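What follows is calculated from the coordinates using simple rules that are stated; it is not laboratory data. Not measured: the values here are computed from a predicted model. Note: ideal-geometry Cβ built from the backbone for every residue, glycine included; neighbour counts use all protein chains shown.
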Amino acid sequence: MRLTRYFLPVLKETPAEAQIVSHRLMLRAGMVRQASAGIYSWLPLGYKVLRRIEEIVHQEQQRAGAIPVLMPTIQSADLWRQSGRYDDYGPEMLRITDRHDRDMLYGPTNEEQITEIFQAYCSSYRDVPKNLYHIQWKFRDEVRPRFGVMRGREFLMKDAYSFDLDKASAIHSYNQMMVSYLRTFGRMGLKAVPMRAESGPIGGDYAHEFLILAETGETQVFVDSELLDLNFQDREIDYHDQAQIQAICDEWTGAYARTDDTHDQAVFEVEVPKERQVTARGIEVGHIFYFGTKYSEPLGAMIATPEGERVAVHSGSYGIGVSRLVGGIIEASHDDKGIIWPESVTPFDVGLVNLKQGDAETDAACEALYGQLKAAGLDVLYDDRDERAGAKFATMELIGLPWRVTIGPRGLQSGTAELTWRRTGETHEVSPEDAVSRLAETYRGL
Ligand code: P5A
C-alpha cells in the first residue's frame, strides 16, 4: 500500500481526552474514531489489527475443537425472561422496542440464545460434547465507558459455549478453552495469566479471568515470581488428551492470585511463600465460566443419557475481548515514540521509507523493492510522501510496524538499504535482496 493512497489520519497533537497510553496512541495513529461515548469506528489501520487478532482467535478456537457460528446482535427479550436475566441484568442492557411493541435487546452476551439453538436440535448424549462460538459485537451500557476500546459500550467479543453430558466432561471442555487461551494470547506476544475470578452476571461457581500484566491494568494482582517465566510456546498440545490438558491448567492456575479486596493480601489457589509474591496490575482480556445447568434447565436443554435418563446439559461460556485486545497489546508493547506491534498482529509487515522522494534513482530503487517485498508475500506500507525523513520515521515509529526498510541516495551508492527493527532501533545495512529474504524468513509461518 502506498501511503499517499491510503487513509491514515495520524494526529500530531496528543488528544487531551485520552487517559491511558493505548488510547492516546490509537487516536494518534489514526486507528479509531469515537462515534459517541464508548462507541468507535475502526479506521483502516485499526481495522487491520482487529482482523488479525480475530484470525488468531478463530484459528485457536477451531484448533481446540470449537465450531464457528454467527448469532445476531439483536435478541428477543422473551428468551432472557425465561432464564430470569432480563430483570437481573439491569441498566447495562440496552433495551429496544420494535414497531410492534415487542421488547428486544442488543445482546451483551449470548448464553440464552445459544442454549435455545442447542435445545432445538440436540437431545442425546451422542450430540455432546459440542462447543459453538462466534465473534460478534456486544453492547453493554457501561456506567463509565473509558480508556477507548478497552472499556467500550459497543465492543467485539469472541464467545464460545460448551455443552456436555456431566460436570466432569464439562470441566474438560473448560480446560480445553483455558489451554487454547494460553496459546491464543501467546501468539499475540502477550503473557496472559489465568486467575480465579468471580462469575458475576454470567453465573456459576467456577471461573477464571485472563489478565495481561501491564502497569495501567485495572486490577491489582499478586504473582508468584518463580512462575513468572512460565512459557507456553512451542508445546505440542493434544486437545483430546485429558490428562495433558489438566496438567497444563494445574501448572498455570497455581501461579497467580488476585488481591483480596478487604485484606489487601494474596489469595492463591495453591500456597505461595510470601517472599515469592510480587504485585502487578492486570488487564482482563478473557474470562471463562463453568455454570453447569444454569441456562439449560430454564431453557429446557435436556439430553438423554446412555441409560435413557433425561438430564439438563452442563455448560460453560468462554469470552475473549477481541477489540479490547487491540488496546491491551499496545499497553503491553509501546515506547515513547509509539506502538511496537508484535509481528503476529501488525497491520503491515514492513514499512518502506523513501528518503528522497522525487529523486529518479531513489524512486526507482524503492519501486523495485516495493514490488519484491510484495512478491515475497509481505504486506508493505510504502511511505511515498514528499516529506522530510524525520517526519517519515516519526510516522513509522508511531504506527509501530515491526520492521522498516529505508532507501536513500547515500546507501544506493554502495547498493544498500537500511533494515531497522522497531523494538530496539537496531539497524543493519543490507542489500535489498537480503532485506527481502530476511523479512520473508521472519514472517514465515506466522
Ligand atoms: C463469556 C462469553 C462473558 O460475557 N459470556 C460469553 C461470558 N464474559 S465477560 O467477562 O463479561 O466478557 C468477556 C470479555 O469481554 C471483554 N469485555 C469488554 N471489552 C471491551 N469493553 C467492554 N465494556 C467489555 N466488557 C467485557 C473482556 O475482555 C472480557 O473478559
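Quick notes
- Crossing angle, helix 432-443 versus the chain [Cα axis fit, 0-90 degrees, rounded to tens]: 10
- In nm, spacing of pseudo-spin labels at Arg410 and Arg51 (7 Å Cα→C-beta vector): 3.8
- Residues in region 140-154 that a label on Ile74 would reach, taking backbone N under 11 Å of a point 7 Å out along Cα→Cβ: none
- Cβ-based net charge around Lys138, under 10 Å, with every Lys or Arg adding one and every Asp or Glu removing one: 0
- Only lysines eight or more places from Lys274 in sequence, or on another chain, were considered; those with a Cα closer than 24 Å are Lys191.
- Note, ³J(HN,Hα) from phi for region 44-54, Karplus 6.51, -1.76, 1.60, rounded to Hz, x at Gly and Pro: x, 5, x, 5, 4, 5, 4, 5, 5, 5, 4
- Cα-based reach from Lys392 at 12 Å (exclusive), listing aspartates and glutamates while leaving out same-chain residues under 8 positions away: Asp383, Asp384
- Entries of Lys158/Lys374; Lys158/Lys337; Lys130/Lys158; Lys12/Lys356 with Cα pairs more than 27 Å apart: Lys158/Lys374; Lys158/Lys337
- Helix 322-332 and the longest principal axis of the Cα set of the chain meet at an angle near 50°.
- If the convex hull is drawn through the Cα atoms of the chain, its volume per residue in Å³: 169
- Extension gain, Asp336 to Asn231, is 35.0 nm, computed as 0.36 nm per intervening residue step minus the present C-alpha separation.
- C-alpha center-to-center spacing [region 199-221, region 285-319] in angstrom: 23
- Protection proxy ranking, highest mean first, for peptides 214-224, 273-283: 214-224, 273-283, where packing is the per-residue count of other beta-carbon atoms within 10 Å, averaged.
- Angle of helix 111-121 to the longest C-alpha principal axis of the chain, folded into 0 to 90 degrees and rounded to 10: 70°.
- The stretch between Glu17 and Arg276 holds 89.4 nm of extra length on full extension. This uses 0.36 nm per residue minus the Cα-Cα distance.
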